[in-house]
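The values are calculated or read from the model by the stated rules, or taken from the named source; none is laboratory data. All of these numbers come straight from a predicted model, not from anything done at the bench. Methodologically, a virtual Cβ is constructed for each residue, glycine included, from the backbone with ideal geometry; neighbour enumeration extends over all protein chains shown. These accessible areas exclude ligands, DNA and RNA; they are computed on the full protein's heavy atoms, side chains included. Shrake-Rupley method; radii C 1.70, N 1.55, O 1.52, S 1.80 Å.
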Amino acid sequence: MNNQPIGILDSGVGGLSIWRKIVKELPNESTIYLADSLNCPYGERTPEEIYVLAKRLVKFLIAKKVKLIVLACNTVTVFCIDKLRVDFPDIQIVGTVPAVKTAVEQTKNHRIGILSTESTAKSNYQKNLINKFAKDCFVINKGDSELVPYIEKGDIKSGSVKKILRNALGEFIAKDVDTIALGCSHFPFLREEIGKIVGSKVKILDSGNAIARQARRVLTNNNSLSLSKNTLHEFYTTGNAEEFVKVSKKLVGNKLGELIKSIQSVSL
Ligand code: DGL
């Protein structure tokens, strides 16, 4: 069990924002990353569709004998984590939510913005979570469905992306939020552009580190941390493998990009 890999799934390249934190937090662990690039974006799909797709991804990772599954996708987490845990009781599943607790701790004026996919925003799951921690916080949950396809192509700073971001963030600025929680795993790759628009006084939080620490806790509690330093990182995409590698390397940078060697296109 100990030397089996950690499975990480997302609708596309976005979950690499969490994969890179896991690799850093747990350098002795091997990983299998699965991207459903063919069916991306999930953010505009119905909860039923997302559940059907998510189940297929989990089955694939279980067949690959992973010891833990990280849902590096907020949309899957919000709609499916409870059901997936019931469907697959023999595997531990860690989900992702934006850095809700940290947002509540860090906001000074009690005004928080959450930027997520359209379906995640509609679910109100993340907003309700914040309100659970701090009833007095004013929370705006903005859903956007345009950005993910750009990020999937590796476009994180074109004029079109900046324009969409300016629109999406307009309400946050108008309502004077001082903390933004990124509620979609694709969006940490837009951190720089978001920062330029909202200004340096606004804190931008993502949950990558917290999820990596949670993965460590789960493995520690199960006594299943890796015993060897022979790591292998495998990548699978339901889309085009070459395109996935090209975009991924651009997003995570050259050093981590070096780890993206084994990549295969799969149909689920
Ligand atoms: N990256 C995913 C999330 O965290 C979903 C993006 C999408 O496919 O729309 O919500």
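For the stretch 1-77, the set of trypsin sites (Lys or Arg not before Pro) satisfying both a DSSP loop assignment and a count of at most 16 other C-beta atoms within 10 Å is given as Lys64, Lys65.
With Cβ to Cβ distances under 15 Å as the rule, what net charge do the other residues near Val70 carry (K, R +1; D, E -1)? Numbers along the way, then the final one.
Working: positive: Arg20, Lys21, Lys24, Lys64, Lys67, Arg85, Arg213, Arg216, Arg217; negative: Asp10, Glu25, Glu29, Asp36, Asp206, Glu234.
Summing Lys and Arg as +1 and Asp and Glu as -1 gives +3.
Rg and Dmax, both from the Cα atoms of the stretch 115-267 and both in Å, are 18.0, 52. Excluding ligands, DNA and RNA, the accessible surface per residue across the chain is 45 Å² with a 1.4 Å probe.
What number do you get for the stretch 1-66 when its Cα radius of gyration is normalised by 2.2 N^0.38 Å, N = residues?
On the way: Rg = 12.8 Å, N = 66, 2.2 N^0.38 = 10.8 Å.
Ratio of Rg to 2.2 N^0.38 Å for the stretch 1-66: 1.18.
Measuring r between the beta carbons of Arg85 and Leu232 and using R0 = 41 Å, the FRET efficiency lands at 0.90.
Close amide H partners of Phe235, meaning residues 5 or more places away or on another chain with modelled amide H under 5 Å apart, are Tyr33, Ser262, Ile263, Gln264.
A Gaussian network model of the chain, with springs between Cα atoms under 10 Å, assigns the largest mean-square fluctuation among Pro89, Pro188, Pro41 to Pro89. Between Lys196 and Glu243, the distance separating the two model label sites (each 7 Å from Cα on the Cα→Cβ line) works out to 2.6 nm. For Lys101, a cut-off of 27 angstrom between C-alpha atoms picks up these lysines, skipping any fewer than 8 places away in its own chain: Lys21, Lys24, Lys83, Lys122, Lys127, Lys132, Lys135, Lys142, Lys175, Lys196, Lys201, Lys203. Across the chain, counting alpha-carbon atoms alone, Rg and Dmax equal 17.6, 52 Å. Of interest is the spacing of the C-alpha centroids, which for the stretch 110-159 and the stretch 206-226 amounts to 24 Å.
Computed from point charges on the beta carbon alone (+1 for Lys and Arg, -1 for Asp and Glu), the dipole magnitude for the chain about its Cα centre is near 660 Debye. Mean sequence separation of contacting Cα pairs (under 8 Å, at least six apart), scaled by the length of the chain, corresponds to a relative contact order of 28 percent. Take the Cα of Asn128, step 7 Å toward its Cβ, do the same at Asn223, and the gap between the two points is 3.8 nm.
Short version: what are the Cα gyration tensor semi-axes of the stretch 47-111, square root of 5 times each eigenvalue, largest first, in whole Å?
Values: eigenvalues 160, 36, 15 Å².
Values for the stretch 47-111, descending: 28, 13, 9 Å.
In terms of overall dimensions, the stretch 1-120 has a Cα radius of gyration and Dmax of 14.9, 48 angstrom. Along its first, second and third principal axes, ordered by size, the stretch 183-268 spans 43, 37, 27 Å in Cα coordinates.
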